[in-house]
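A short worksheet on the structure shown next.
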Amino acid sequence: MKIRVYYEDTDCGGVVYHSNYLNFCERARSELFFQKGLSPHNEDEFFVVKKIEADYIKPARFADVLEVKTQLIKQKNTSLVMNQEIYRADELIFRMAVTVVFLKAMKPAKIPLKLMEIFDENR
């Protein structure tokens, strides 16, 4: 998924504020659903982030065009682990491992097959 860095994403020096990298990755995960005509949140079923390990490699700056790449690393019945990387052109500038848990009625639940198929395409 391509993302342009806007002024609102940066600090006063034009450098992307650290938490916005997480926002960019969240948008990319949501976009996986939207591309299939689905929503990442349905009534009482949705994913929540359980754990993030982030590595800030180089700064992104105002007006940069970035690409977020998402890859499924591990799946369990109720959770997924994904690697997400952000590139500026061919240069890796950020990476993270994120663990998400599927909830139904606010309790961990088995991930439905139709949702697993979304992530299987990103192995």
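The values are calculated or read from the model by the stated rules, or taken from the named source; none is laboratory data. Not measured: the values here are computed from a predicted model. Here the Cβ is made from the backbone with ideal geometry for all residues, glycine too, and neighbour counts use every protein chain on show.
Listing for the model above:
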| read-out | value |
| --- | --- |
| Yes/no for residue 42 being more than 14 Å from the chain's Cα centre (by Cα), within 21 Å of residue 99 (Cβ to Cβ) and not hydrophobic (A, V, I, L, M, F, W, C) | yes |
| Top-ranked residue in region 51-81 [being part of a strand (DSSP E or B) and of a type in the set (Gly, Ala, Ser); ranked as farthest from residue 115 (Cα to Cα)] | 54 |
| Pick from region 92-123, criterion assigned to a loop (DSSP other than H, G, I, E, B) and more than 13 Å from residue 78 (Cα to Cα), ranking: nearest to the chain's Cα centre (by Cα) | 122 |
| Residue 92 being free of Cβ contacts under 8 Å to residues at least 12 places away in the same chain, among the hydrophobic types (A, V, I, L, M, F, W, C) and surrounded by fewer than 15 Cβ atoms within 10 Å (Cβ to Cβ) | no |
| In region 1-32, residue surrounded by the most Cβ atoms within 10 Å (Cβ to Cβ) [restricted to those that are more than 12 Å from the chain's Cα centre (by Cα) and of a type in the set (Lys, Arg)] | 4 |
| Yes/no for residue 66 being closer than 17 Å to residue 3 by Cα, at pLDDT below 95, surrounded by 15 or more Cβ atoms within 10 Å (Cβ to Cβ) and not β-branched (Val, Ile, Thr) | no |
| Pairs, first modelled with pLDDT of 95 or more in region 37-60, second assigned to a loop (DSSP other than H, G, I, E, B), C-beta under 6 Å, six or more apart | 60/5 |
